[in-house]
Amino acid sequence: MDFSLLIKALCLVLIIEGLPLFLAPMRARQAALQVARLDSRLLRIMGLVLMVLGAGLLLLMRS
């Protein structure tokens, strides 16, 4: 496995995660508060759906 590709992917995640905090900090804060109020079961289901969606997209884009 090419670890430089993994590091690049993690760097891209950091950039994408940082964009809302930089561009709209108040909205990011409000979104975080709304997420904090959600039920743990719903958060777990959302996390699972996002992981499956991400893995599926990676498989589709594999060449």
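What follows draws every value from the coordinates through simple rules; no lab data is involved. Just so it is clear, the structure is predicted and the values come from calculations on it, not from any experiment. Here Cβ is always computed from backbone atoms with ideal geometry, including for glycine, and neighbour counts include all displayed protein chains.
Between the listed residues Ile16, Ala36, Leu59, the Cα displaced farthest toward the positive end of the dipole of the chain, a dipole computed from Cβ unit charges relative to the Cα centre, is found at Ala36. Rounded to the nearest 20, the Cβ-based charge dipole of the chain about its Cα centre (Lys and Arg +1, Asp and Glu -1) stands at 180 debye.
Projected label points at Arg44 and Phe3, each 7 Å from Cα along the beta carbon direction, are separated by 3.4 nanometres.
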